[in-house]
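J.: One structure is given below, represented as structure tokens, and several questions about it will come after.
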Amino acid sequence: MEKAGLEKGISILGLEELYQEIILDHYKKPRHPGRLDGGHVEVRHYNPVCGDELTVGLRLDGDRVADVAVQGSGCSISQASASVMTEQVLGRPVPEALEVAEGFRRLMHGEGEPDEDLLGDGVAFAGVAKYPVRVKCALLGWMAFKDATARALAGHDGGETVYRENGDAAAAAKAQRLPGEA
Ligand code: ZN
């Protein structure tokens, strides 16, 4: 019995390390970086609490996500999560892509079990739910995608969104570094 418990402990630790590696990999090698050319909607989202910013470009073909790109700066959680977002929404019909975004939002609020079929590498961010202020970092790219989608469907141009917080929240964000985070 003791041995089984020990093995379980090791496998959980292994999973956390794997998740950290996945996040770091997306941070170092964002999957769809840069800006789009031609007709597209572009939104900028800022999370001043942590100093994260993202420019998300989106082109729809009918109701399909034909192209998506992210240019940004900020913490590894915000940048890596946005990279995962591009991977998970590209090529999908919009309703399906929004379903993935909603699944990620639920994961960040600790609702339900991580669903790898739906979220792909997004499951690696499950631990962020324990750091409430950092949830904003993880959600930034997904919120920007939802915003860009809504604007594109409504036939509007891009825009800017700033998520404002008070000074205490900013200090809390700086204190909430995840294990292994640079
Ligand atoms: Zn951040």
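J.: Any chance you could count how many residues in region 91-117 are free of Cβ contacts under 8 Å to residues at least 24 places away in the same chain and assigned to a helix (DSSP H, G or I)?
T.: Looking only at that region, the number is 9.
J.: Sort through Gly141, Gly127, Gly122 and tell me the only one that's within 16 Å of the ligand (Cβ to nearest atom), on the phi < 0 side of the Ramachandran plot and in contact with a Phe, Trp or Tyr (Cβ under 7 Å, 6 or more places away or on another chain).
T.: Exactly one of Gly141, Gly127, Gly122 is within 16 Å of the ligand (Cβ to nearest atom), on the phi < 0 side of the Ramachandran plot and in contact with a Phe, Trp or Tyr (Cβ under 7 Å, 6 or more places away or on another chain), namely Gly127.
J.: Any idea how many residues of region 152-182 are over 23 Å from Thr55 (Cα atoms) and either under 19 Å from the mean Cα position of the chain (by Cα) or at pLDDT 75 or above (or both)?
T.: Residues in region 152-182 being over 23 Å from Thr55 (Cα atoms) and either under 19 Å from the mean Cα position of the chain (by Cα) or at pLDDT 75 or above (or both): 5 in total.
J.: Now a separate question. Please go through (1) farther than 23 Å from Ile23 by Cα; (2) away from the ligand (no atom under 16 Å from the Cβ); (3) among the polar types (S, T, N, Q) for Thr161 and return the number of the only condition it doesn't satisfy.
T.: Here Thr161 meets the rest and fails (2).
J.: Take region 50-70 and flag every residue that is away from the ligand (no atom under 16 Å from the Cβ) and at pLDDT 95 or above.
T.: The answer is Gly57, Leu58, Arg59, Leu60, Asp61, Arg64, Val65, Ala66, Asp67, Val68, Ala69.
J.: Here's another thing I want to ask about it. Restricting to region 79-96, what's the tally of residues that are more than 16 Å from the ligand (Cβ to nearest atom) and either among the polar types (S, T, N, Q) or more than 13 Å from the chain's Cα centre (by Cα) (or both)?
T.: The total comes to 9.
J.: Any chance region 26-40 includes a residue that's in a helix (DSSP H, G or I), at negative phi and in contact (Cβ under 8 Å) with a residue 12 or more places away in the chain?
T.: Within region 26-40, one or more residues are in a helix (DSSP H, G or I), at negative phi and in contact (Cβ under 8 Å) with a residue 12 or more places away in the chain.
J.: Still on this structure, please answer the following. Taking Arg35 and the conditions (1) within 19 Å of Asp121 (Cα to Cα); (2) touching a strand residue (DSSP E or B) at 6+ places or on another chain (Cβ under 6 Å), which numbered condition does it fall short on, given that it satisfies the others?
T.: Failing condition for Arg35: (1).
For every residue, the table says whether it meets (1) in contact with a strand residue (DSSP E or B) (Cβ under 6 Å, 6 or more places away or on another chain); (2) closer than 21 Å to Arg92 by Cβ; (3) within 15 Å of the ligand (Cβ to nearest atom).
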site	(1), (2), (3)
Gln20	no, no, no
Leu24	no, no, yes
His40	yes, yes, no
Asn47	no, no, yes
Ile77	no, no, yes
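J.: From the residues in region 67-82 that are in contact with a Gly (Cβ under 8 Å, 6 or more places away or on another chain) and part of a helix (DSSP H, G or I), which one is surrounded by the fewest Cβ atoms within 10 Å (Cβ to Cβ)?
T.: Only one residue tops the list, namely Gln79.
J.: Follow-up question, since we're still on this one. Would you confirm, using the coordinates I've provided, whether Leu107 is within 16 Å of the ligand (Cβ to nearest atom) and in contact with a Leu (Cβ under 7 Å, 6 or more places away or on another chain)?
T.: no
The values are calculated or read from the model by the stated rules, or taken from the named source; none is laboratory data. Quantities reported herein were computed from a predicted structural model and do not represent experimental measurements. Please note: Cβ atoms are built from the backbone with ideal geometry, for glycine as well, and neighbour counts cover all protein chains shown.
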